[in-house]
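Report on the following structure.
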Amino acid sequence: MTTTITLTGAGGQIGYALLFRIAAGDLLGPDEKVRLRLLEIPQGLGAAEGAALELQDGAFGLLEHVEVTDDPAVGFDGCDLALLVGARPRGPGMERGDLLAANAGIFGPQGAAIAAHASSDVRVTVVGNPANTNALIAAASADGVPAERFSALTRLDENRARAQLAQTLAVPVDTVRRVPIWGNHSATQFPDVTYATVGGRPVTDALEAIVGDVPTWLDETFIPRVAKRGAEIIQVRGSSSVASAANATIEHVRDWVRGTDDWTSAAVVSYGEYGVPEGLISSFPVRSVDGEWRIVEGLEISDRARARIDASVAELVEERDAVRALGML
Ligand code: NAD
Ligand code: LMR
């Protein structure tokens, strides 16, 4: 079998970190051949073409073909998996919302091109920020493609949350499970430890022995650290996260295609679950079953959690309304 993967922003930082892992089989496994379509804007074509030359020099057995283009009709032709990474990243001092207008103009036309040219069962993952709202714009512009085929990346936030907990508890990170992200991929996001476990026991019990007052530690240390980690990376590195974002993208898409055995996080379209207004692309605890994201339902939500989810969802509503006011939705 061969899967056609379209990567936008293929000449950028995350693109460069993703391409070689995809070609090496990290995304779809060692038996699935891949055809890559690298979509860029004219200014980015040279970098994407350079990456294509290096892909050739990697002599990857799974890589059947690489095409570099600045034409969305060519870029999305026959696309099974679209990774929408190409966007303008934020710099020091900017919030992700500042990118709304700059990036809204990219995702509408790309959604339309996906509808016109991609495979009928295309799955689209949005990484470019503001990721939730960009996914909303792309989905709204993709006539005939079900909104469930669009999701936005919050796996990086979940990984950050699990890593912070593992470090605090001095345990291996893969023993920390069920730490969903709710809401927006932004500083309002809610990394939720209510149902989290470490080695099978509640994380909150394990935390109590170390941090004492768990609610205060969550409010003053954990949640801000995770929610502002993107800004911390920008400040320390001088530019936004790259390899960790590429890694999370690989994990998100791999889980979507192959399924999960536990919860993870993804921003997916709401049908009103947990009071999130219908149509918004919001992060939820999800499983992947038969190639589809399924929101984990029936969880009890405390008042504290409710307030945090509502605040992040309110920001998503504001973003949606701002894009509507720009005439882009
Ligand atoms: P980058 O500037 O290195 O690369 C972006 C690339 O996109 C550039 O090569 C640019 O030419 C290209 N591009 C711009 N408009 C395009 C278009 N219309 N079509 C195709 N390509 C286009 O940026 P980066 O560091 O690779 O980051 C990419 C995006 O990912 C940013 O929006 C960043 O904020 C976001 N990001 C998201 C997460 C997340 O967890 N969701 C994490 C990290 C970064
Ligand atoms: C991140 O979370 O690292 C990215 O969304 C980049 C950013 O702007 O924070």
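The values are calculated or read from the model by the stated rules, or taken from the named source; none is laboratory data. None of these values were measured; they are calculated from a predicted model. Cβ sites come from the backbone with ideal geometry, for glycine too, and all protein chains shown count toward neighbours.
Brief remarks on what is shown
- The residue list 53, 62, 83 contains one member that is within 16 Å of ligand 2 (Cβ to nearest atom) and either within 20 Å of residue 137 (Cβ to Cβ) or among the hydrophobic types (A, V, I, L, M, F, W, C) (or both), which is 83.
- Residue within segment 36-48 that is assigned to a loop (DSSP other than H, G, I, E, B), near ligand 1 (Cβ under 8 Å from one of its atoms) and surrounded by fewer than 14 Cβ atoms within 10 Å (Cβ to Cβ) present: yes
- Meets criteria (over 18 Å from residue 183 (Cβ atoms), surrounded by fewer than 20 Cβ atoms within 10 Å (Cβ to Cβ) and aliphatic (A, V, I, L, M)) for residue 112: yes
- In segment 82-95, the count of residues that are at pLDDT 95 or above and of a type in the set (D, E, K, R) is zero.
- In the set (1) buried (at least 17 other Cβ atoms within 10 Å of the Cβ); (2) part of a helix (DSSP H, G or I); (3) at pLDDT below 95; (4) of a type outside the set (Ser, Thr, Tyr), the condition left unmet by residue 315 is number (3).
- From the options 231, 248, 196, residue that is touching an Asp or Glu at 6+ places or on another chain (Cβ under 9 Å) and free of Cβ contacts under 8 Å to residues at least 60 places away in the same chain: 231
- Residues being in a helix (DSSP H, G or I) and either of a type in the set (D, E, K, R) or within 13 Å of ligand 2 (Cβ to nearest atom) (or both) - total across segment 92-127: 7
- For segment 157-191, a residue qualifies if it is in contact with an Asp or Glu (Cβ under 9 Å, 6 or more places away or on another chain), assigned to a helix (DSSP H, G or I) and among the hydrophobic types (A, V, I, L, M, F, W, C), and the qualifying residues are 161, 166.
- Here residue 308 fulfils each of the conditions (1) surrounded by fewer than 21 Cβ atoms within 10 Å (Cβ to Cβ); (2) of a type in the set (D, E, K, R); (3) under 17 Å from residue 227 (Cα atoms) apart from (1).
- Each residue in segment 182-210 was checked for being of a type in the set (Gly, Ala, Ser) and buried (at least 16 other Cβ atoms within 10 Å of the Cβ), and 5 of them qualify.
- Qualifying residue in segment 20-29 (condition: near ligand 1 (Cβ under 10 Å from one of its atoms) and in a loop (DSSP other than H, G, I, E, B)): no
- Output for segment 66-79, where each listed residue is part of a loop (DSSP other than H, G, I, E, B) and either among the polar types (S, T, N, Q) or crowded, with 20+ Cβ neighbours inside 10 Å (or both): 76, 79
- Residue in segment 148-168 that is assigned by TED's automatic domain parsing to the domain that holds residue 313, of a type in the set (Asp, Glu) and either surrounded by fewer than 20 Cβ atoms within 10 Å (Cβ to Cβ) or away from ligand 2 (no atom under 13 Å from the Cβ) (or both) present: no
- Only residues that are within 11 Å of ligand 1 (Cβ to nearest atom) and farther than 18 Å from residue 45 by Cα were counted in segment 65-94, giving 3.
- Just one of (1) closer than 19 Å to residue 324 by Cα; (2) touching a Gly at 6+ places or on another chain (Cβ under 6 Å); (3) small (Gly, Ala, Ser); (4) surrounded by fewer than 24 Cβ atoms within 10 Å (Cβ to Cβ) fails for residue 138. It is (4).
- The residues of segment 220-243 that are surrounded by fewer than 17 Cβ atoms within 10 Å (Cβ to Cβ) and either in contact with a helix residue (DSSP H, G or I) (Cβ under 9 Å, 6 or more places away or on another chain) or of a type in the set (Ser, Thr, Tyr) (or both), listed by number, are 221, 225, 232, 239, 243.
Yes/no matrix, rows are residues, columns are (1) part of a helix (DSSP H, G or I); (2) among the small types (Gly, Ala, Ser):
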residue: 215; (1), (2): yes, no
residue: 219; (1), (2): yes, no
residue: 226; (1), (2): yes, no
residue: 231; (1), (2): yes, yes
residue: 234; (1), (2): yes, no
residue: 239; (1), (2): no, yes
residue: 254; (1), (2): yes, no
residue: 267; (1), (2): no, yes
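- Each residue in segment 12-31 was checked for being over 17 Å from residue 80 (Cα atoms) and crowded, with 24+ Cβ neighbours inside 10 Å, and 2 pass.
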